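Following: one structure in structure tokens, then a few remarks.
The values are calculated or read from the model by the stated rules, or taken from the named source; none is laboratory data. Just so you know, these numbers come straight off a predicted model, no measurement behind them. Cβ placement follows ideal geometry from the backbone for every residue including glycine, while neighbour counts extend to all protein chains displayed.
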Amino acid sequence: MASLAGRGRAKIRAPRRGLNGADVDFETTWAVLEQAFNEIHTKNASALSFEALYRNAYKIVLKKKGEELYNKVANFEANWLGNEVRTRIVRQLTHSLLTLTEGSSPSLAGSVERKVAGESFLRTLKQAWEDHQICMGMLTDVLMYMDRVYCTDHRQPSIYAKAMGLFRDQILRSPARQGSPDLINILTSVILDQIQMGRDGEDIDQYLIKSNVFMLEGLYESDQEAEDEKLYLQLFEPVFLAASAVFYRQEGERLLKESDAGTYCKEAKRRIVEETDRCRSTLSESTTPKIQAVVEDELIRNKMKGLIETESGVKYMVDNDKFYELGLVFELEARVDARKPELTKAMQQIIVDMGTQINDAAVAVSQAPPPAPLAAEDGEQDKSRPNATKQINQQTVAALKWVEDILALKARFDNIWKTAFASDQTVSTALTRSMSDVINTFSRGSEYISLFIDENMKKGIKDKTEAEIDDTLEQAIITLRYLQDKDIFETYYKKHLCKRLLLKKSVSIEVEKQMISRMKIELGNSFTLKLEAMFKDMTLSEELTAGYRDYAVKTSGADPKRVDLTINVLTAMTWPLEAFRSGGEEEREGRTQINFPGSIERIKTGFEKFYSEKHNGRKLTWQTNMGDADIKATFPRSRNGRPMTHDINCSTYAMLILLLFNDLPADKSLTVEEIQAMTNIPDNDLKRNLQSLAVAPKTRFLVKEPMSREIKPGDKFRYNEDFSSKVIKIKVNVVSAGNRVEGDRERKETEKKNNDSRSFAIEAAVVRIMKQRKQLSHSQLLTETIDQLKAQFKPDVGMIKKRIESLIEREYLERMDDAPVPSYRYLA
Amino acid sequence: MTAMASTGNTAAANSQQTKPNDNLYTATQDLLTFPRYSDLTITCGNRKWRVHKSVVCQRSPFFAKACEGGFKEGSSGVINLAEDDPIVVNELIRHMYAFKIDDQAALPWLGSLVFMVHVVIIADKYDVPRVAKLAETRFSERANTDWATDDFATAIELIYGSTALLKSELPRCVVRVALAHDHVVFAEGKRNAIRAVADRVPEFATALASGMHHKIALTAQAVQGLKSYQCKHCHNVAFEKNMPANLNIYCRSCNTFYPESGFIVSTVLN
């Protein structure tokens, strides 16, 4: 067959039957191949002819002896691996390596020996594996025709895959010695041992381990070579993960015992990074997520709670501004749970604790003084005054301090949130909730916030730049944002605003209006409606005052003696006028008709006439207790024995009292009862005004008999001819103008009033909802009501129930008897 | 025989004329006659080809592995194909460079059909399926006209003698051609080359008989207006009524359902 053509034969030769292989003797041909395979395995292939080997294998297959060839090759490999290679590997096994698999934690002693022995074992195995791959590569090339024809037709794994399986069975899955564990178990233990050394800080030959891992990744449980049947996944990885879990469990416990939380976090983070690196450099990247999960479980998930609660935990970090450590805690817990439950819980607790401290401190400051004024009430005169003002100051100070502390608390945790918690949304929500809890558990929160604004409006913003003012307003709004009972706040704010406006205490009306517009943005239109009405009244009043002045000139000509009138006409519903009343007098005061002297009475009726011309059908009620008057008064010996005229500013009541003495001879006196009868001033107001006119040292225009602090029935008053003062302008203080924290009684009243208005709001909401829905279940009605009202306050469920009850009584609603769940029907 | 030769020549002449000399195709072709950059030598018998690894290794894994592996050929740069026929090897290499084969290259020593069979064998040996395919096509074309020659008879014997060809198209091709002329082949009393081969090669005889049976059956069924479905998996033939194309068809001998594409469907006319 050397040449079919070219010999010049003219006739075509009839070819022999069974061309290509009939003349092939299997045994001889195989002998040739076997000889060559031996050469290949001993790295001596360079003299072999590829063509000759290929041809021999080709001929065997053509002769239909593919199966025999396949089995011969497999046997050859099995023998080679089982004898030559395995002996070489087993020779590397020292006693210490063999005992590794027994599971006892390896002793430190002999670790150097073990490391060297382990490395040499790994190196031999790696070498064997690489040799095997190279040899089998060459064999596969030679046996290409067999693979293509025999293996494909007979559904056999390629000879390469078969040989890899042989490596697994002959080397890895066979016991090193009689009765000892399989080599793969030893290999696993050796790798784990080396990794453990690496974890303990020793330098290990990562490349060597990686090569062996490569081998395990390249081998499969069966010859089908399914992806999930890799030996690495089946045999090595689970053991590795289990061993790592044990290690990190102990490591975590040790760390918790030995170091503080900050160090623990750093260590945990380092370990995670280290294990990730190890997967890349030493093991397989596919293990990265699994080992991370193990470390996270052992070092974080199972330890986080303990870690956060230790002495050096989150509380300590917050107290000492350990932002980096806090950041670590956050980062670590974020790894295991996106909601960060332990950290947020701890942070919330800290906020609540700190907030409670602030609240307690505020209560302490505001409650400390009470013994003093009580004592002063009955005590000596000189001391009572300063004490009283001091009390007011302290209350205000408490309010200011509380607001500032709350703001500082918020700023502090905002800062932590930004620097340490990566501005995380979940944490933010939790922190906000805690802040809100802190502010809302404090019963005086609404009042204090209003006071804070009040104080700033009156004094705080003086000499401040616009930016600073903006900042102050913003701070107030921030606290307001957390407040649930906005209706209570509104009550207080109205009261404080009312005083500021009427007594002209506001530094800047502009700023007041800014505040209102901020509130409008924050709390909505309806909230500021009444407040805005107050400003409107003020503007209208200015116009009225000017209008009346022109009117008076027009009707009765310019009369220098006429009393000048400045008037504020206030819409009764919008202004909380009770703020000016001293308690217990409301009922009477409404009906009391004050007696005005002629000149004043003329002005009063004049204005009433003017007003009714402009606005028909409106009734004016004079709030005499809130007015003040400027009077010119001459005292004969005021300036070093010579007469002097003073400008006195005093309350309307004081003016009425003083005017009585205008018409009275200097030596005559009037009793309390006479004054009362002539002016009709309510008892309480009368007493206080008399006190300031006859007792207060700087404004003692009247002489009282007997000389004592208390005004008692029968006391007599006369004009003080000997009054002397160096200043021209004198202000008579009657009612303390300062806003102060309410007394307990006042608070109860405010609360009661508040509850009443809440009742109305609830009823209104319920009726609104029912009118629209006609029928509704109880629980739905509750939710909708709460939903509607939450912008104003957080309604109490009990209160809602009572209101519903009351509405049923008044036949707005009725219970539906036939409904499956408790429901109501609206009665039109 | 003469007529065949002349047609072949014209085809060769035509193909040469239509190829201009300055494109990639001819450039590749020229490489073989211009061996300056050759980096591999193939020897066979007394012939020698200076070839290029980039060409031959890409076409045949055998050459690739011979050059890559750690064997003698890798370092020597010479591959000796000890037991092949140079004239066949030449055809293999010609196709690697020119994408064509010449079925008359072996004349007059080897008939075209026998020659093509040898080309198919060598293409299978060195795993160059494109050459095998082309040679099979050539064989099939030529067998249609040359069925009455000794060349055809020798080719049949050769085909059935080589285990490498049993899976190729060739055995089916020769049976088809022989049956197409059954009236001549099996004519009473007349000896002919194909009959002689059938006498010597029992596998061929069996194939002929089976084909004959099939043919008769086809004719019979065609009368009844049925279609024949030959299973591509077991080559069993069944006759069915025209089946909807989207329905899987049951093959009795495989005991399996296949889509229609799994069958060779033929409509037989009367």
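Are any of the residues in the range A:779-789 over 21 Å from A:Q484 (Cα atoms), assigned to a helix (DSSP H, G or I) and modelled with pLDDT of 85 or more?
Looking through the range A:779-789, at least one residue is over 21 Å from A:Q484 (Cα atoms), assigned to a helix (DSSP H, G or I) and modelled with pLDDT of 85 or more.
Does A:V73 satisfy the condition of being at pLDDT 90 or above, more than 8 Å from chain B (Cβ to nearest Cβ), surrounded by 16 or more Cβ atoms within 10 Å (Cβ to Cβ) and farther than 26 Å from B:T43 by Cα?
Criteria met by A:V73.
For a quick check of your reading of the model, give me the residue pairs whose first member lies in the range A:755-766 and is more than 18 Å from A:Q484 (Cα to Cα), whose second is of a type in the set (S, T, Y), with beta-carbon atoms closer than 8 Å and at least 6 apart or on different chains.
That search, which allows pairs on different chains as well, returns A:E763/A:S806; A:V766/A:T785.
Filtering the range A:441-467 down to residues that are of a type outside the set (G, A, S), in a helix (DSSP H, G or I) and without any contact (Cβ under 8 Å) to a residue 24 or more places away in the chain, which residue is surrounded by the fewest Cβ atoms within 10 Å (Cβ to Cβ)?
Taking the range A:441-467 as the starting set, the residues that turn out to be of a type outside the set (G, A, S) are A:441-442, A:444, A:447-449, A:451-459, A:461-466.
Now drop any that are not in a helix (DSSP H, G or I), which leaves A:441, A:447-449, A:451-459, A:466.
This time we only want the ones that are without any contact (Cβ under 8 Å) to a residue 24 or more places away in the chain, so: A:456, A:466.
Details: A:N456: 22, A:E466: 11.
Ranking the candidates gives A:E466 first.
Read through the list (1) surrounded by fewer than 17 Cβ atoms within 10 Å (Cβ to Cβ); (2) part of a strand (DSSP E or B), then give the number of the only condition that A:K712 fails.
Single failed check for A:K712: (2).
Go through the range A:771-816 and report how many residues are surrounded by 14 or more Cβ atoms within 10 Å (Cβ to Cβ), hydrophobic (A, V, I, L, M, F, W, C), in contact (Cβ under 8 Å) with a residue 40 or more places away in the chain and over 15 Å from A:F760 (Cα atoms).
Total meeting the criteria: 4.
For the range B:162-211, how many residues are of a type outside the set (A, V, I, L, M, F, W, C), within 14 Å of chain A (Cβ to nearest Cβ) and under 23 Å from A:K63 (Cβ atoms)?
Looking only at that region, the number is 7.
Does A:D223 satisfy being more than 24 Å from A:T124 (Cβ to Cβ) and either of a type in the set (F, W, Y) or not in a helix (DSSP H, G or I) (or both)?
It is true that A:D223 is more than 24 Å from A:T124 (Cβ to Cβ) and either of a type in the set (F, W, Y) or not in a helix (DSSP H, G or I) (or both).
Go through the range A:395-432 and count every residue that is basic (K, R) and not in a helix (DSSP H, G or I). It would help to see each step written out before you state the result.
Initially, the range A:395-432 is screened for residues basic (K, R), giving A:401, A:410, A:412, A:418.
Subsequent filtering for residues that are not in a helix (DSSP H, G or I) retains none.
Residues meeting the conditions: 0.
A:L208 passes all but one of (1) more than 30 Å from A:F37 (Cβ to Cβ); (2) in contact (Cβ under 8 Å) with a residue 40 or more places away in the chain; which number fails?
The single condition A:L208 does not satisfy is (1).
Could you list, in sequence order, the residues of the range A:679-698 that are assigned to a loop (DSSP other than H, G, I, E, B), of a type outside the set (A, V, I, L, M, F, W, C) and crowded, with 18+ Cβ neighbours inside 10 Å?
The answer is A:P682, and nothing else.
Can you tell me which residues in the range B:141-158 are out of contact with any His (no Cβ under 9 Å at 6 or more places or on another chain) and either within 10 Å of chain A (Cβ to nearest Cβ) or touching a residue at least 60 places away in the same chain (Cβ under 8 Å) (or both)?
B:R142, B:T145, B:D146, B:T149, B:D150, B:D151, B:A153, B:T154, B:A155, B:E157
Could you tell me whether the range A:353-371 includes any residue that is more than 23 Å from A:D437 (Cβ to Cβ), in a helix (DSSP H, G or I) and free of Cβ contacts under 8 Å to residues at least 40 places away in the same chain?
yes
Please verify whether A:T389 is modelled with pLDDT under 80 and crowded, with 20+ Cβ neighbours inside 10 Å, treating the condition exactly as stated. Quick ask: steps written out before the conclusion?
Numbers: modelled with pLDDT under 80: yes; crowded, with 20+ Cβ neighbours inside 10 Å: no.
No; evaluated as a whole, the condition is false for this residue.
For A:L233, only one of the following conditions fails: (1) over 41 Å from the mean Cα position of the chain (by Cα); (2) buried (at least 18 other Cβ atoms within 10 Å of the Cβ); (3) closer than 22 Å to A:K115 by Cα. What is its number?
Unmet condition: (3).
Determine which single condition A:V438 fails, assuming it passes every other condition in (1) more than 21 Å from A:N755 (Cβ to Cβ); (2) surrounded by fewer than 22 Cβ atoms within 10 Å (Cβ to Cβ).
The one condition A:V438 does not meet is (2).
In the range A:41-58, which residue that is more than 16 Å from B:F63 (Cα to Cα), without any contact (Cβ under 8 Å) to a residue 40 or more places away in the chain and at the interface with chain B (Cβ under 7 Å from one of its Cβ atoms) is nearest to the chain's Cα centre (by Cα)?
Looking at residues that are more than 16 Å from B:F63 (Cα to Cα), without any contact (Cβ under 8 Å) to a residue 40 or more places away in the chain and at the interface with chain B (Cβ under 7 Å from one of its Cβ atoms), I get A:S46.
Looking only at the range B:83-125, which residues are touching a residue at least 12 places away in the same chain (Cβ under 8 Å), within 17 Å of A:E51 (Cα to Cα) and within 9 Å of chain A (Cβ to nearest Cβ)?
The answer is B:D84, B:D85, B:P86, B:V88, B:I121, B:D124, B:K125.
Against the definition (in contact with a helix residue (DSSP H, G or I) (Cβ under 7 Å, 6 or more places away or on another chain) and not in a helix (DSSP H, G or I)), how does A:S189 come out, yes or no?
Judged against the criteria, A:S189 is not a match.
Got a sec? Which helices (runs of 4 or more DSSP H) wholly within the range B:26-133 have at least 1 residues that are farther than 29 Å from A:Y150 by Cβ?
Those helices (runs of 4 or more DSSP H) span B:53-59, B:72-76, B:86-98, B:112-125.
Filter the range A:59-70 for residues that are at the interface with chain B (Cβ under 9 Å from one of its Cβ atoms), in a helix (DSSP H, G or I) and in contact (Cβ under 8 Å) with a residue 40 or more places away in the chain and give the result.
A:V61, A:L62, listed by residue number.
Criterion first (surrounded by 21 or more Cβ atoms within 10 Å (Cβ to Cβ) and of a type outside the set (D, E, K, R)) does A:L187 satisfy it?
Spelling it out, A:L187 is indeed surrounded by 21 or more Cβ atoms within 10 Å (Cβ to Cβ) and of a type outside the set (D, E, K, R).
Quick test of your reading of the structure: B:E169 fulfils all but one of (1) farther than 15 Å from B:V201 by Cα; (2) buried (at least 21 other Cβ atoms within 10 Å of the Cβ); (3) in contact with an Asp or Glu (Cβ under 6 Å, 6 or more places away or on another chain). Name the failing condition by number.
All conditions pass for B:E169, except number (2).
Scan the range B:143-153 and tell me whether some residue there is in a helix (DSSP H, G or I), outside the structural domain of B:L31 (by TED's automatic domain parsing) and closer than 23 Å to A:M144 by Cβ.
Within the range B:143-153, none of the residues are in a helix (DSSP H, G or I), outside the structural domain of B:L31 (by TED's automatic domain parsing) and closer than 23 Å to A:M144 by Cβ.
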